[in-house]
1. Is there a residue being modelled with pLDDT under 90 and hydrophobic (A, V, I, L, M, F, W, C) anywhere in the range 62-84?
2. What is the one condition in (1) at pLDDT below 95; (2) surrounded by 10 or more Cβ atoms within 10 Å (Cβ to Cβ); (3) more than 17 Å from ALA29 (Cβ to Cβ); (4) not basic (Lys, Arg) that THR94 does not satisfy?
3. So, in the range 1-40, of the ones that are of a type in the set (Lys, Arg) and either surrounded by 15 or more Cβ atoms within 10 Å (Cβ to Cβ) or more than 23 Å from VAL62 (Cβ to Cβ) (or both), which residue ends up modelled with the highest pLDDT?
4. Name the one entry in VAL64, VAL80 that is surrounded by 11 or more Cβ atoms within 10 Å (Cβ to Cβ) and touching a His at 6+ places or on another chain (Cβ under 7 Å).
5. Does ARG89 satisfy the condition of being of a type in the set (Lys, Arg) and either surrounded by 11 or more Cβ atoms within 10 Å (Cβ to Cβ) or touching a residue at least 40 places away in the same chain (Cβ under 8 Å) (or both)?
Amino acid sequence: EALCEQGQASLGWHDAGRIEVGQRADLVAVRSDSVRTAGTDPAQIVLTAFASDVDAVVVDGVVVVSGGQHRSLDVGAELVSVIDDVWARVRAST
């Protein structure tokens, strides 16, 4: 319950926490057939899965990850860009 309706309500988000028409929903589908997740109790999968085990992500009804791939972002290129920016700021401050 803490991860669903009660948790969302405690944050003041009364239009979230349930999967039904009119409710906001962020969903993550995790593969259960990797070396890390095979045989894991579904309630414990968040403790064993890695990012590479994420198969699909839906944010506010929009699919952003499908088949383990981000649909609108090159994650590797974005990561390199952000790291480069951080190093540029570090160099500029020293």
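1. yes
2. In the conditions (1) at pLDDT below 95; (2) surrounded by 10 or more Cβ atoms within 10 Å (Cβ to Cβ); (3) more than 17 Å from ALA29 (Cβ to Cβ); (4) not basic (Lys, Arg), THR94 misses (2) alone.
3. ARG31
4. Selected residue: VAL64, the only one of VAL64, VAL80 that is surrounded by 11 or more Cβ atoms within 10 Å (Cβ to Cβ) and touching a His at 6+ places or on another chain (Cβ under 7 Å).
5. no
The values are calculated or read from the model by the stated rules, or taken from the named source; none is laboratory data. Because the structure is a prediction, the values reported are computed rather than measured. Counting neighbours? That spans all protein chains shown, and the Cβs are built from the backbone with ideal geometry, glycine included.
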